[in-house]
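Structure, as structure tokens:
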Amino acid sequence: MSKAGKIFALLPLFFYGALLFIPYQVHSQEIERLDFDSIWAHVKSNSPAIKSASLESEAATVMKDRYSRHWLPMIYGDAKFFITDDPALNFMSVLSQRKIGNEDFSPDRLNHPGKNSYKQASVGVNLPLYEGGAGYYTAKSFDSIAKSKSYGRAVIVLSEKSKTMAAYGRLIALTKAANELADLKKSVTGILSGYESALKNNPVEYSGILGLKALSNRIDAMITENDAKIKYLRDYLQNTSAGNLPDLWTASDSDVITFGGRYVSDKNTAIKESYQLKALKAYAESLKHKAEAQKSVYLPKIGLFSEANVYSGNRATADSYSAGFYIQMNILSPVEYGSVRQAEFESDAAFFKLKNEAIKEKTDIERLRNFEATLRENIKILNESLKIMDEQLRNIKRLFANGSVKAFQLSDVIAAKGDLLQNLAKAEEEYAEVISGIYFYTANIEEASNE
């Protein structure tokens, strides 16, 4: 055989070798195990909701700082240059230069002064001594708003973290279920491949085999549904992490109870004021201070003022000053009539809303805690039942192999295990949701401050 012929003869070997090598390369990629904290770090740093809440909190802090300086004097300045032929403005501008002469009082000069240019500059100080409490209570109102926004940011952080926690916990449960269902499918496939053709001529046994085939299809449907849930959760975590998670990753935790125990434990048992209630309480207090500030509408405002002026024109440059004491008070302001009552109603409504939310929150926490304890016990029972079911399945397989039990009996046991796996996965998914809810309500101050 020629050299070229030998090469062509070896091509199929190269081809099949390549086919074997490609899957090896794909499967050799390591699946990265990610813990919850690493995923949460990505979610937190990329969350638009957290960024928005942070900016709102910073803006409220700036506003609080602004109004905390209400007692400081206001200093203002004014400068202008103008050209005018207005008789009164020309006369007063010359007078401000302190250069009025007898000729300025002639009727023709007064009525027709001509066009003249002038410059004027002023600087003044206004020092409020008493504002009827307007400045003080307005500052306190904005201080409470800043606290409310700060607590509101903590609410958003905990909300985002609890949603991420629920998704991660559900993923643990569903990944575990996926592995169990895959093993169950493999077991059914093995039985069918080993006994289907041998029992085809036995109507009773073949009826059981057909039941196993139907069960195999049912397990396929369960796997498909489970995989769809896993894909949704992985996509959700990938999107909220701004695409920063690796393509191939899995949860480092394998048990949802152990995972939940790190975030909901004995330290969270006391029902206390959540950040949501703290935010509402601070907001209600801000409205209370606003109502107090509104009362200043009917009170006098007292202060000191001083102003210095410089005038310049075509005759001279001169200056003047004025200083004194002022008192201002609204005698009649129809628009402000009823404003205090309105502010008081708004304040009372906010406090009643706070009370209602506190009752609802207490009820929710008690419900979640009771549900958490119930689910934890149910999951324990289901896991114990699963161990018993596994032992039962091993025994009935041996009995089926030696002809002691029928195929339909084996099918019933496998179907029961499939139902058990579904119930366990559902309970663990619910547990993940419950612990995330408890965490949202009971996270302590130190933990949220670190966020």
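Within segment 110-132, the set of residues being surrounded by fewer than 16 Cβ atoms within 10 Å (Cβ to Cβ) and closer than 20 Å to residue 312 by Cα comprises 110, 114, 115, 117, 119, 121, 123.
Just so you know, in segment 76-92 the residues that are assigned to a strand (DSSP E or B) and not charged (D, E, K, R) include one that is farthest from the chain's Cα centre (by Cα), and it is 84. Looking across segment 137-149, the residues that are polar (S, T, N, Q) and either over 19 Å from residue 361 (Cβ atoms) or in contact with a His (Cβ under 6 Å, 6 or more places away or on another chain) (or both) come down to 138, 141, 144.
Could you tell me which numbered condition residue 384 fails, if it satisfies all but one of (1) over 30 Å from residue 208 (Cβ atoms); (2) surrounded by fewer than 16 Cβ atoms within 10 Å (Cβ to Cβ)? For residue 384, the exception is condition (1). Among the residues of segment 118-153, which ones are modelled with pLDDT of 95 or more, in contact with a strand residue (DSSP E or B) (Cβ under 7 Å, 6 or more places away or on another chain) and of a type in the set (Gly, Ala, Ser)? Those that are modelled with pLDDT of 95 or more, in contact with a strand residue (DSSP E or B) (Cβ under 7 Å, 6 or more places away or on another chain) and of a type in the set (Gly, Ala, Ser): 121, 122, 124.
Considered as a group, the residues in segment 165-208 that are assigned to a loop (DSSP other than H, G, I, E, B) and surrounded by 13 or more Cβ atoms within 10 Å (Cβ to Cβ) include one that is modelled with the highest pLDDT, and that residue is 202.
Applying a threshold of 6 Å to beta carbon distances and a minimum spacing of six or more residues, or different chains, the list of pairs starting in segment 38-52 at a residue that is over 14 Å from residue 238 (Cβ atoms) and ending at one that is hydrophobic (A, V, I, L, M, F, W, C) and crowded, with 19+ Cβ neighbours inside 10 Å reads 49/156; 50/156; 50/157.
The residue that is nearest to residue 282 (Cα to Cα), counting only those in segment 315-362 that are of a type in the set (Phe, Trp, Tyr) and without any contact (Cβ under 8 Å) to a residue 12 or more places away in the chain, is 352.
Taking the numbered list (1) closer than 16 Å to residue 131 by Cβ; (2) at pLDDT 95 or above; (3) surrounded by 17 or more Cβ atoms within 10 Å (Cβ to Cβ) in turn, residue 293 passes all entries but (2). Of all the criteria given as (1) under 30 Å from residue 151 (Cα atoms); (2) without any contact (Cβ under 8 Å) to a residue 60 or more places away in the chain; (3) surrounded by 12 or more Cβ atoms within 10 Å (Cβ to Cβ), the one not satisfied by residue 87 is (1). From the set of residues in segment 36-75 that are within 17 Å of residue 142 (Cβ to Cβ) and among the β-branched types (Val, Ile, Thr), which is nearest to the chain's Cα centre (by Cα)? Per the criteria, the residue is 61. When 355, 360, 301 are checked against the criterion of being at negative phi, out of contact with any helix residue (DSSP H, G or I) (no Cβ under 6 Å at 6 or more places or on another chain) and buried (at least 17 other Cβ atoms within 10 Å of the Cβ), 301 stands alone in meeting it. Criterion applied to 340, 335 was being at pLDDT below 95 and in contact with a helix residue (DSSP H, G or I) (Cβ under 6 Å, 6 or more places away or on another chain), and the one residue passing it is 340.
The values are calculated or read from the model by the stated rules, or taken from the named source; none is laboratory data. In this text, all values refer to a predicted model and were calculated from it rather than measured experimentally. In this analysis, Cβ positions are derived from the backbone assuming ideal geometry, glycine residues included, and neighbour counts consider all displayed protein chains.
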